[in-house]
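> Mind having a look at this structure? Questions to follow.
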Amino acid sequence: MTADAGANRAALWLVVWAGVVFGYAASCVLGGPASDEGFHAHQIWHYYVGGNEPFDTITTPTFYHQIIASVMNLIGYYHDYLLRLVNLLVALCLLPVFYRMVRRYRPATASARTAQLLFAPLIFPYYFLVYTDLWALLLIALSFLAVLERRPWLAGLFGFGAVLIRQDAIIWLGLAYLYMATEHLTLSRPFAWRAVLRDALLRGPVFLALFGAFIGFVLINGGVAIGDSGSHPMMRFNLSNLYGFLFCAWLLFLPLCLQQLPRIVRLLRRPWVWGLLLAAFAFYMSFYANEHGYNRTHYTFFVHNGWLHLLEEYLWLRGLLFVPMAWMALTLVVMPYPDRRCYWLLLIAPLAVVAHPMVDPRYYFPAYLLINLWRPALPQGVELATLAGYIPLAAFIMYGTVTGLFFL
């Protein structure tokens with residue numbers, strides 16, 4: 001490493017720690033709980049004072065709440081600021097895990113991409129709020145890292161931990177399992193399916209046990225959600241989550257989309273691609289719906305609810321926003337991946353986001369992490385400019401969150 005590279009890396013990590021200090025200080029300005037923080041904090045308090053039963057308002061397993069309550073008991077003191085600090089300290093472990101993964105693919109941009117993961121505007125506030133999402137994302141990332149380092153048993157154990165924090169992690173662990181099981185699969189070697197079967201069985205017993213346990217849980221529980229199951233029914237796909245995912249990804253990865261424009265233009269020279277796009281546009285315009293009750297309220301407070309409402313009310317806006325959605329989808333198709341197995345993302349990411357009946361940007365975090373991990377490198381100046389663009393947006397969103405002006 002040259003002296004300049006070392007200095008740049010040190011400067012980036014200094015920016016990261018400044019962002020952490022700013023974010024936590026801003027969260028301490030917040031007087032009461034933000035949005036669903038109230039449900040989580042109530043459950044943690046219940047465990048802290050000796051309660052045992054989970055509340056009906058909590059849709060996930062309560063291991064997250066039990067862990068934080070146990071820490072509060074060890075400290076001997078309870079406060080919202082402490083809850084957020086415990087959440088933050090665990091969530092920050094995501095950064096070195098991600099850095100280690102990026103170094104396997106694009107070492108020159110590892111520091112910049114890791115800083116981008118912290119300051120990504122949609123993700124940034126959740127480092128500092130009492131939400132389960134970043135703990136689950138950390139365990140998903142650890143599972144992928146273990147797969148990359150050929151530690152399948154450890155990957156499966158991290159997978160169990162992720163599902164115990166959030167059940168929807170199971171689909172992303174399916175991607176980790178596919179990545180592991182198809183290492184020796186190539187189109188030129190049709191008999192490689194034998195190797196795939198061997199890897200799937202011999203390297204993946206912990207994953208298979210996890211999938212079996214999850215199926216058993218769903219059958220016994222009568223669905224995926226534990227509490228508030230009426231608002232989170234199983235097998236109620238919501239395509240609006242796919243639209244939201246593609247639009248938000250386009251905003252986050254606009255430099256990548258611009259980089260891939262020449263590849264997209266070459267792809268658009270094929271008439272069948274235009275046919276698919278026109279069919280997708282007709283379907284999107286004809287069958288768009290915003291049906292979930294939680295998405296049909298507080299339009300001026302919840303940004304994602306307001307976005308859904310605008311698409312429902314204004315046909316011209318719905319049609320206009322198809323352009324960035326399609327642009328992002330084409331970017332994901334044409335961009336070069338570091339490994340052929342990464343193309344499983346094109347199957348799993350849409351499935352993972354539409355599997356949620358309610359629309360919420362939090363459901364897209366694992367996809368954004370993997371896109372940032374597997375995307376091609378941008379020029380160093382563009383990587384830093386992307387980070388520079390993220391920082392004020394993240395600060396503004398944090399401002400809106402702690403002042404109660406809006407919530408993502």
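> Kirkwood hydrodynamic radius, the range 136-188, all distinct C-alpha pairs: what's the number in Å?
Numbers: mean 1/r = 0.0916 Å⁻¹.
When all Cα pairs of the range 136-188 are included, the Kirkwood radius is 10.9 Å.
> Taking the Cα centre as origin and putting +1 on Lys and Arg beta-carbons and -1 on Asp and Glu beta-carbons, what dipole magnitude results for the range 156-233, to the nearest 20 debye?
On the way: 5 positive and 4 negative charges, 67 e Å.
Here the size comes out at about 320 debye.
> Rank Phe55, Phe160, Phe128 by mean-square fluctuation in a GNM of the chain with C-alpha springs under 10 angstrom and give only the top-ranked residue.
Highest fluctuation among the options: Phe55.
> Continuing with this model, one more query. So how strong a dipole does the chain carry about its Cα centre when Lys and Arg Cβ are +1 and Asp and Glu Cβ are -1, to the nearest 20 debye?
Details: 25 positive and 18 negative charges, 359 e Å.
So the dipole magnitude of the chain works out to roughly 1720 debye.
> Let me ask something else. Would you kindly calculate the mean projected area, averaged across all directions, of the convex hull enclosing the Cα atoms of the range 264-322, in square nanometres? Mind dumping the intermediate values first?
Values: hull surface 19.7 nm².
If I average the Cα hull's projected area over directions, I get 4.9 nm².
> Please name which of Gly50, Pro125, His79 has its Cα lying farthest along the dipole of the range 1-130 towards the positive end, using unit charges on Cβ (Lys, Arg +1; Asp, Glu -1) and the Cα centre as origin.
Looking along the dipole axis, the top candidate is Pro125.
> A follow-up question, please. As an exercise, find the ratio Rg/Rh for the range 156-233 from alpha-carbon atoms, using the Kirkwood inverse-distance average for Rh.
Values: Rg = 15.2 Å, Rh = 13.8 Å.
Computed over Cα atoms, the ratio is 1.10.
> So which residue, out of Val20, Val334, Val97, gets the largest mean-square fluctuation from a GNM of the chain using Cα contacts under 10 Å as springs?
Answer for the Gaussian network model of the chain: Val334.
> For the range 254-314, state which trypsin sites (Lys or Arg not before Pro) are in a DSSP loop and have at most 15 other beta carbons lying within 10 Å of their beta carbon.
Sites meeting the loop and neighbour criteria: Arg269, Arg296.
> Related question: What span do the alpha-carbon atoms of the range 103-241 cover on each of the three principal axes, reported in whole Å from largest to smallest?
46, 45, 29
> What is the distance, in nm, between label points placed 7 Å from the Cα along the Cα-to-Cβ direction at Leu201 and at Thr403?
That separation, rounded to one decimal, is 6.2 nm.
> Summing +1 for each Lys or Arg and -1 for each Asp or Glu, what net charge is found among the other residues whose Cβ lies under 15 Å from the Cβ of Leu256?
Net of charged neighbours comes to +3.
> Over all alpha-carbon pairs of the range 34-83, lay out the pair-distance distribution in 10 Å bins, whole %, shortest bin first.
Once binned at 10 Å, the Cα pair distances of the range 34-83 give 28, 60, 13.
> How long are the semi-axes of the equivalent ellipsoid of the chain, defined as square roots of 5 times the Cα gyration tensor eigenvalues? Whole Å, largest first. Intermediate results must be reported in sequence, preceding the final value.
Details: eigenvalues 191, 137, 129 Å².
Each semi-axis is √(5λ); the values are 31, 26, 25 Å.
> Positive end of the charge dipole of the range 1-130 (Lys, Arg +1 and Asp, Glu -1 on Cβ, about the Cα centre): tell me which of Phe63, Phe39, Trp13 has its Cα farthest that way.
Trp13
> If you take the alpha carbon radius of gyration of the range 236-377 and divide it by 2.2 N^0.38 Å, what ratio comes out, to two decimals? Walk me through the numbers before you get to the answer.
Numbers: Rg = 15.3 Å, N = 142, 2.2 N^0.38 = 14.5 Å.
The value comes to 1.05.
> Mind checking the range 302-408 for trypsin sites (Lys or Arg not before Pro) that DSSP puts in a loop (not H, G, I, E or B) and that have at most 16 other Cβ atoms within 10 Å? Write out the running numbers ahead of the final one.
On the way: sites: Arg318, Arg340, Arg341, Arg362; in loops: none.
Those that pass, being in a loop and sparsely packed, number zero.
> The range 142-223: which trypsin sites (Lys or Arg not before Pro) are DSSP loop and have at most 14 other beta-carbon atoms within 10 angstrom? Spell out each step's value before the answer.
Working: sites: Arg150, Arg166, Arg194, Arg198, Arg203; in loops: Arg150, Arg166, Arg203.
Passing sites in the range 142-223 are Arg150.
> Considering every pair of different Cα atoms, what Kirkwood radius, in Å, is found for the range 1-130? Could the numbers behind the result be given before it?
Working: mean 1/r = 0.0610 Å⁻¹.
That comes to 16.4 Å for the range 1-130.
> Dividing the Cα convex hull volume of the range 291-347 by residue count, how many Å³ per residue is that?
116 Å³
Every number here is computed from the coordinates shown, using simple stated rules; none is lab data. Keep in mind that what you see is a predicted model, and the values were worked out from it rather than measured. We place every Cβ from the backbone using ideal geometry, glycine too, and count neighbours over all the protein chains shown.
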